[in-house]
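Here is the structure we will look at.
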Amino acid sequence: MLGKGLKRKLEPEEEDGVMKMEASSSSPSSSSSSSSSPSSSSSSSSSSSSSSSSSSSSSSSSSSTGGYWFQRQTVLNLSLLKLHTRPGPGEPDLARTVLITNTLRHIQHELRGEECVPSPQTPSSPASKDSFSTALADIEALCPTVGITALFSTSDQDVPDITSGTDSDNAGELRDPDAHLSEMHSSMSLSDSALFTSSHAPSRLADFSLDDFLFTEIDNFLFDSSSLSVSMVTDELVKTLAGCGSQSAPPSNNQTFKLDLNELDHIMEVLVGS
Amino acid sequence: MAGAGGGGNDVQWCFSQVKGAIDDDVAEADIISTVEFNHSGELLATGDKGGRVVIFQQETENKSQPQCRSEYNVYSTFQSHEPEFDYLKSLEIEEKINKIRWLPQKNAAQFLLSTNDKTIKLWKISERDKRPEGYNLKEEDGRYRDAATITALRVPVFRPMDLMVEASPRRVFANAHTYHINSISVNSDNETYLSADDLRINLWHLEITDRSFNIVDIKPANMEELTEVITAAEFHPHQCNTFVYSSSKGTIRLCDMRASALCDKHSKLFEEPEDPSNRSFFSEIISSISDVKFSHNGRYMMTRDYLSVKIWDLNMESRPVETYQVHEYLRSKLCSLYENDCIFDKFECCWNGNDSVVMTGSYNNFFRMLDRSQRRDVTLEASRESCKPRQVLKPRRVCAGGKRKKDEISVDSLDFNKKILHTAWHPQENIIAVATTNNLYIFQEKVN
């Protein structure tokens, strides 16, 4: 059950707030924040790349949404990274874990909210394809042992008619009988559903969502500080997910995922370009 | 002249002493993790990451040299906690001292409570300046005398010796906390104290170590539903039935132990509605309260969250009566501070003796004095550069943006590794102790 989420609707009068987000995302990271933890050094490259691209796009008003999106993406990536990095030999700080998880829930709540309300003004520009696969690559790079999207891409879950629940006019585009395509759509949406706001709205997902993944096994691990390691938990999850699929799939690997990504890029090009 | 801790801005602060190693290479074990004056201000205790407690004592003032204020010198050093290993969970238990709290003095000895993540210990610090001499059965070096050689009896007498300060653990309060202890607070009844971890608060009797009462429990049945943790707790300074605890969502609950045995239901809930114009992804994280302290007079309490200090009137729950920005220029940097984990830093705060000024730390070894009565504030720095005896501290300014004036430092030049988390104010005089990473600075009011 979600906590008290902070809903944020992106309306024209909110632009000031969005500008504020831009300012914070494009401002340089403090020069002396030389943290010794390896996690921050790897994430700083991804956040600086996203912040630099946001600063380049900050001039046009239509991409003010993009600036907000980039910051949200950065925070999402950082939060996932922080939750999956063991801080040290001692127990993880429960307060910190709860705050990061709440931040993640807030973002997920926002993403869900945007999914259900297709915003007509958001253009599905070609730029979104690049950013979205970059974002996915980011998540994948940040969480190599977890391979969130890999988990879902190989599970041949019975994907219900994902287009049935949408009100969007563009839903017709998705009525592609290709099961593989729908599966990939659902897998992509699990990790980054924001990009599907306009044309793709797979609001109804199969058995597993980001929520389930994050907040069942990982929560039990983090909060109860059991002896399971992250990799053990994810192995368990992979087996569970593979078992639930209509056809038992082999455990995921990054190779499969990368192939899927390439295929997906191609398909996205076709869809978005038209 | 020692005032009752008067105004922060009439007062000019000058350097008095600095304790700790000078070199920049900081040993992890030397990182100071807590600072606390005792009730008279004569003793100043520090705890560090290595589990050690160092107590400084104020030398009695030299009447012939009134401008040379009394200094604090090392009084006692002891190892309070050792690292432990939890075999059940395969996790280390840090020996870092999270909090030290002094007991009011009842006799010649001093008592303090020190705690790490799991165990609280009561330490007795006593002086010995005499020793018995002239035992019948023992030689002076301790060897036993052969009874056959004893021909006469004598009465042992006390002879003076060099002062020896001994610290001995009198009680160990263990195995009562599943989560990390963040606070301890001695009750005004001088018999009980509370200890708080992330999800529970326990009430102890100082004499009894094998039992404690659980008075607050916010652990949900399903840990997946956990969204809020306890961050700090304190007893009211005069009402022994009242205590408060703060949460990671920026709320403070005041509880009355007379109402029920389990104080899950609060008597008062202090919460300020969120400012919608400042909302961001980090709103919840920066609203998390890192410290809560009652004023000495017991009418107010102060809370510290990431960017501000708030003063609450205990009679008004809807909003604080005063809010002070500590380092508002960081608001636009929250994403970077989230990335490098600085956003989770837990700053403490403290009152002066007459509750007119409050103090809290910041980054770049800056600390802030917030004068409530005069509505003014000043930023000072604890640095090796201003270490000449009685050198007056110059106010510092941070330039948030635009043109940087002379003597200002820009936000991007701030050193976020140099953080002042722990500060303490002498209960009666204008003497403050400020802990940088591994050094303890003592500043005093400039005496003309």
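The values are calculated or read from the model by the stated rules, or taken from the named source; none is laboratory data. Because the structure is a prediction, the values reported are computed rather than measured. Glycine also receives a Cβ, built like all others from the backbone with ideal geometry; neighbour counts cover every protein chain displayed. Ligands, DNA and RNA are stripped out before the accessible areas are found, and what is left, the full protein with its side chains, is counted by its heavy atoms. Shrake-Rupley method; radii C 1.70, N 1.55, O 1.52, S 1.80 Å.
Numerical summary
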{"quantity": "Filtered residue count, the range B:198-221, keeping only those that are assigned to a strand (DSSP E or B) and either more than 14 Å from every other protein chain (Cβ to nearest Cβ) or not charged (D, E, K, R) (or both)", "calculated": "15"}
{"quantity": "Search result, residues across the range B:227-250 that are without any contact (Cβ under 8 Å) to a residue 24 or more places away in the chain and over 15 Å from B:Y193 (Cβ atoms)", "calculated": "B:T227, B:E228"}
{"quantity": "Strands (runs of 3 or more DSSP E) (entirely within the range B:303-363) containing at least 2 residues that are among the charged types (D, E, K, R)", "calculated": "B:308-313"}
{"quantity": "Pair list, Cβ < 6 Å and 6+ apart or interchain, from the range B:88-99 residues that are under 15 Å from B:S114 (Cα atoms) and in a strand (DSSP E or B) to residues that are open to solvent by less than 60 Å² (accessible area, probe 1.4 Å) and among the hydroxyl-bearing types (S, T, Y)", "calculated": "B:K99/B:T34; B:K99/B:T115"}
{"quantity": "Checklist (1) surrounded by 14 or more Cβ atoms within 10 Å (Cβ to Cβ); (2) within 16 Å of B:E36 (Cα to Cα) applied to B:T119, failing item", "calculated": "(2)"}
{"quantity": "Positions within the range B:163-181 being open to solvent by 30 Å² or more (accessible area, probe 1.4 Å), in contact (Cβ under 8 Å) with a residue 40 or more places away in the chain and within 14 Å of chain A (Cβ to nearest Cβ), in sequence order", "calculated": "B:H180"}
{"quantity": "Qualifying position, being within 14 Å of chain A (Cβ to nearest Cβ) and not aliphatic (A, V, I, L, M), among B:K130, B:K118, B:K124", "calculated": "B:K118"}
{"quantity": "Qualifying residue in the range B:152-162 (condition: open to solvent by 80 Å² or more (accessible area, probe 1.4 Å) and acidic (D, E))", "calculated": "yes"}
{"quantity": "Qualifying residue in the range B:417-438 (condition: open to solvent by 20 Å² or more (accessible area, probe 1.4 Å) and assigned to a helix (DSSP H, G or I))", "calculated": "no"}
{"quantity": "Selection count, the range B:206-218, where residues are without any contact (Cβ under 8 Å) to a residue 60 or more places away in the chain and surrounded by 15 or more Cβ atoms within 10 Å (Cβ to Cβ)", "calculated": "6"}
{"quantity": "Pair list, Cβ under 7 Å, 6 or more apart: the range B:272-300 residue in contact (Cβ under 8 Å) with a residue 24 or more places away in the chain and under 15 Å from B:S248 (Cα atoms), other residue in a loop (DSSP other than H, G, I, E, B) and hydrophobic (A, V, I, L, M, F, W, C)", "calculated": "B:I286/B:L307; B:S290/B:F347; B:D291/B:F347"}
{"quantity": "B:P389 open to solvent by 60 Å² or more (accessible area, probe 1.4 Å), assigned to a loop (DSSP other than H, G, I, E, B) and at pLDDT 90 or above", "calculated": "no"}
{"quantity": "Within the range B:410-430, tally of residues that are away from chain A (no Cβ under 11 Å) and touching a Phe, Trp or Tyr at 6+ places or on another chain (Cβ under 9 Å)", "calculated": "10"}
{"quantity": "Hey, B:T149 of a type in the set (S, T, N, Q) and surrounded by 14 or more Cβ atoms within 10 Å (Cβ to Cβ) or not", "calculated": "no"}
{"quantity": "Residue that is under 30 Å from A:L111 (Cα atoms) and among the β-branched types (V, I, T), where the choices are B:I285, B:I311", "calculated": "B:I285"}
{"quantity": "Selection count, the range B:326-343, where residues are at the interface with another protein chain (Cβ under 7 Å from one of its Cβ atoms) and open to solvent by 30 Å² or more (accessible area, probe 1.4 Å)", "calculated": "2"}
{"quantity": "Any strands (runs of 3 or more DSSP E) falling wholly within the range B:9-79 and containing at least 3 residues that are among the β-branched types (V, I, T), open to solvent by 50 Å² or more (accessible area, probe 1.4 Å) and at pLDDT below 95", "calculated": "none"}
{"quantity": "Complete set of residues in the range B:393-416 that are open to solvent by less than 50 Å² (accessible area, probe 1.4 Å) and part of a strand (DSSP E or B)", "calculated": "B:V398, B:C399, B:E408, B:I409, B:S410"}
